[in-house]
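What follows is one structure encoded as structure tokens, with my remarks underneath.
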Amino acid sequence: MRIFHTAAELRAALAGETGTALVPTMGNLHAGHVSLVELAKQHGSPVVASIFVNPLQFGAGEDFEHYPRTLAADCDKLAAAGCDIVFAPDATEVYPVPQTFTVQVADSLANDLCGAFRPGHFNGVATVVLKLFNLVQPRVAAFGKKDFQQLLVIREMVRQFNLPIGILAGDTQREADGLAMSSRNGYLSPSERARAPALQRELAAIAAAVRAGDREYEALCGAAARHLEMAGWDVDYIALRDAASLRPVDAATRRAVALGAARLGKTRLIDNLEIALGNPL
Ligand code: PAF
């Protein structure tokens with residue numbers, strides 16, 4: 001596995017490649033990232049994993065400064081997973097001049113759900129991903145479903161800008177107790193870690209109720225949020241949406257998704273569960 005820190009080295013290594021698969025990451029890798037590398041390997045070669053903690057997608061007071069930088073351990077995991085190239089640029093390599101041209105995600109997607117609590121976040125994500133796409137010029141790129149809204153933002157960007165890139169969606173990887181794997185789980189204290197699977201359990205309860213025919217979505221989501229608040233969480237949102245559009249579920253919805261974001265202490269966790277609906281709701 002080769003490791004590059006500059007765009008020039010990366011470009012030289014990828015010259016002539018037409019089947020590259022990209023796995024964009026911010027590092028501090030876990031089994032979820034490894035599964036994305038494995039997915040990417042099935043669809044392209046060489047596999048490039050980028051490791052870059054993107055300042056544009058963090059708001060004031062968020063964890064940009066403290067986000068774990070673990071390059072050596074990340075490279076060990078990527079090498080074991082069969083990754084071919086790691087691209088680990090620093091901020092001046094990605095943003096050699098102030099990034100005054102940015103991707104503006106439609107308000108309906110950018111300011112909803114997580115975007116309502118993280119202003120500018122999805123514009124920052126879309127901008128860096130577009131830059132990575134231009135630097136790597138992949139044929140396919142893999143993103144995790146845990147960041148469900150991010151996945152839809154990227155898909156829509158690719159569609160609207162006619163980017164010739166296939167977007168692969170990797171399933172959320174979970175710990176044995178159901179907690180979705182996340183680089184931020186490491187922030188949890190032992191007692192918070194023990195309580196953290198409650199978010200997934202509440203989403204699973206919504207999914208079970210919907211599958212059983214309950215159509216009182218607001219009541220279901222409200223009850224889940226209350227349970228979490230009573231258990232000491234600070235809930236940003238619990239919502240049931242159409243999985244294809246993230247708009248409210250309506251009669252045309254075939255696949256729904258229950259999504260939640262909530263804080264335990266200082267750690268913000270997100271999760272979601274898709275719900276296949278045989279019949280229109
Ligand atoms: O999902 C992430 O880790 C980041 O948002 C991404 C896609 C690498 C962009 O910085």
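The values are calculated or read from the model by the stated rules, or taken from the named source; none is laboratory data. Since we're looking at a predicted model, the values are computed, not measured. Neighbour counts run over all protein chains shown; Cβ positions are idealised from the backbone, glycine included.
What to note about this one:
- Taking each residue of segment 142-171 that is in contact (Cβ under 8 Å) with a residue 60 or more places away in the chain and closer than 22 Å to G19 by Cα and looking for partners that are within 11 Å of the ligand (Cβ to nearest atom) and β-branched (V, I, T) with beta-carbon atoms closer than 8 Å, six or more apart or interchain, yields A142/V23; F143/I154.
- Top-ranked residue of segment 133-168 - restricted to ones that are among the charged types (D, E, K, R) and over 14 Å from V47 (Cβ atoms), ranked as surrounded by the fewest Cβ atoms within 10 Å (Cβ to Cβ): R159
- Residue that is within 27 Å of K77 (Cα to Cα) and of a type in the set (A, V, I, L, M), where the choices are V235, V153, V136: V136
- Flag: L36 matches the condition of being assigned to a helix (DSSP H, G or I), near the ligand (Cβ under 10 Å from one of its atoms) and either hydroxyl-bearing (S, T, Y) or buried (at least 18 other Cβ atoms within 10 Å of the Cβ) (or both).
- Of all residue pairs spaced 6 or more apart or on separate chains, those with beta-carbon atoms under 9 Å, a first member in segment 87-108 that is surrounded by 10 or more Cβ atoms within 10 Å (Cβ to Cβ) and a second member that is acidic (D, E) are F87/E9; A88/D74; V105/E156; A106/E156.
- Number of the condition not met by G278 [criteria: (1) at pLDDT below 95; (2) within 18 Å of the chain's Cα centre (by Cα)]: (2)
- Pairs with Cβ under 9 Å, 6+ apart, first in segment 16-41 and at negative phi and of a type in the set (D, E, K, R), second surrounded by fewer than 22 Cβ atoms within 10 Å (Cβ to Cβ) and part of a strand (DSSP E or B): E38/G170
- In a residue-by-residue description of segment 6-19, the property of being within 16 Å of the ligand (Cβ to nearest atom) and touching a Lys or Arg at 6+ places or on another chain (Cβ under 9 Å) applies to no position.
- Test: residue in segment 70-78 that is in a loop (DSSP other than H, G, I, E, B) and more than 11 Å from the ligand (Cβ to nearest atom): yes
- Residue count for segment 209-246, restricted to those that are assigned to a loop (DSSP other than H, G, I, E, B), without any contact (Cβ under 8 Å) to a residue 12 or more places away in the chain and either touching a Phe, Trp or Tyr at 6+ places or on another chain (Cβ under 9 Å) or not small (G, A, S) (or both): 2.
- Filter pass, L71 being in contact with a Phe, Trp or Tyr (Cβ under 9 Å, 6 or more places away or on another chain), hydrophobic (A, V, I, L, M, F, W, C) and touching a residue at least 24 places away in the same chain (Cβ under 8 Å): no
- Single residue of segment 133-164 satisfying the filter (closer than 19 Å to L109 by Cα and of a type in the set (K, R)) that is nearest to the ligand (Cβ to nearest atom): K146
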